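Enquirer: Right, I'll just put the structure down here and ask away after.
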Amino acid sequence: MKLLLKIALACLPVLLLLSCSKKADDMQAMDSMAVVDTRIQKYLFAHNEIAVRDPSGLYYRILTPGDSTHFAKAASVVTVDYINQLIDGTIVDASFDVTNFNNRELKNHIPGWQIGLSKISKGGKIRLYIPPYLAFGSIGVPNIIPPNAILISDVKLVDIK
């Protein structure tokens, strides 16, 4: 019994260190989220734009709500017309017409689109201000979207299957 107590006491500092490390990582992630949130808010203010903040951290503005009947679900294949730009205005990607991404389901798109497209219905148009953790994260898309980029997407939901 004494041996178990000694082992437990010997392991306690390591467990405390691991616990502190996790808390430090969580605090750093929260700071990073706060910094991104502030950058989006500054962009909105500087461009005199109004957007709603989703609990996920996604900011959005519904430009056209759509038909109010046909909504995309996770397994839906959406046909969209879109433009993606960085917060500095650089256009990094666009559909240049409608696309269904080779029949890719909505659940296989970035989380920012999954959340945003659920807020409009068929025929709707939305502007999404997507933080990196809901877009392409710390990796980005090589030679297209830099790491930790805030993405602004204008998306028209043309059809849903």
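The values are calculated or read from the model by the stated rules, or taken from the named source; none is laboratory data. Bear in mind that the values here come from a model prediction, so they are computed numbers and not experimental data. Here the Cβ positions follow ideal geometry from the backbone for every residue, glycine too, while neighbour counts run over all protein chains shown.
Enquirer: What do you reckon, is residue 126 surrounded by 16 or more Cβ atoms within 10 Å (Cβ to Cβ) and either in contact with a Gly (Cβ under 7 Å, 6 or more places away or on another chain) or in a loop (DSSP other than H, G, I, E, B) (or both)?
Expert: Yes.
Enquirer: Another question, then. Among the charged types (D, E, K, R) and modelled with pLDDT under 95: which single residue out of 97, 67, 88, 81 fits that description?
Expert: None of the other options fit; the residue is 97.
Enquirer: Before we move on, is residue 158 among the β-branched types (Val, Ile, Thr), in contact with a Lys or Arg (Cβ under 6 Å, 6 or more places away or on another chain) and either buried (at least 16 other Cβ atoms within 10 Å of the Cβ) or modelled with pLDDT of 95 or more (or both)?
Expert: The answer is no for residue 158.
Enquirer: For the subset of the range 142-155 comprising residues that are touching a residue at least 12 places away in the same chain (Cβ under 8 Å) and farther than 22 Å from residue 54 by Cα, which member is surrounded by the most Cβ atoms within 10 Å (Cβ to Cβ)?
Expert: Looking at residues that are touching a residue at least 12 places away in the same chain (Cβ under 8 Å) and farther than 22 Å from residue 54 by Cα, I get 145.
Enquirer: Within the range 41-68, restricting attention to residues that are in contact with a Ser or Thr (Cβ under 8 Å, 6 or more places away or on another chain) and within 23 Å of residue 101 (Cα to Cα), which residue is surrounded by the most Cβ atoms within 10 Å (Cβ to Cβ)?
Expert: That would be 66.
Enquirer: Quick test of your reading of the structure: residue 95 fulfils all but one of (1) surrounded by fewer than 19 Cβ atoms within 10 Å (Cβ to Cβ); (2) touching a residue at least 60 places away in the same chain (Cβ under 8 Å); (3) over 13 Å from the mean Cα position of the chain (by Cα). Name the failing condition by number.
Expert: Going through the list (1) surrounded by fewer than 19 Cβ atoms within 10 Å (Cβ to Cβ); (2) touching a residue at least 60 places away in the same chain (Cβ under 8 Å); (3) over 13 Å from the mean Cα position of the chain (by Cα), residue 95 breaks only (2).
Enquirer: Still on this structure, I have one more. Restricting attention to the range 111-122, does a residue exist that is among the hydrophobic types (A, V, I, L, M, F, W, C), closer than 20 Å to residue 57 by Cβ, part of a loop (DSSP other than H, G, I, E, B) and without any contact (Cβ under 8 Å) to a residue 40 or more places away in the chain?
Expert: Scanning the range 111-122 turns up no residue that is among the hydrophobic types (A, V, I, L, M, F, W, C), closer than 20 Å to residue 57 by Cβ, part of a loop (DSSP other than H, G, I, E, B) and without any contact (Cβ under 8 Å) to a residue 40 or more places away in the chain.
Enquirer: Before we move on, is residue 31 modelled with pLDDT under 50, over 14 Å from the mean Cα position of the chain (by Cα) and acidic (Asp, Glu)?
Expert: For residue 31, the condition - modelled with pLDDT under 50, over 14 Å from the mean Cα position of the chain (by Cα) and acidic (Asp, Glu) - is not met.
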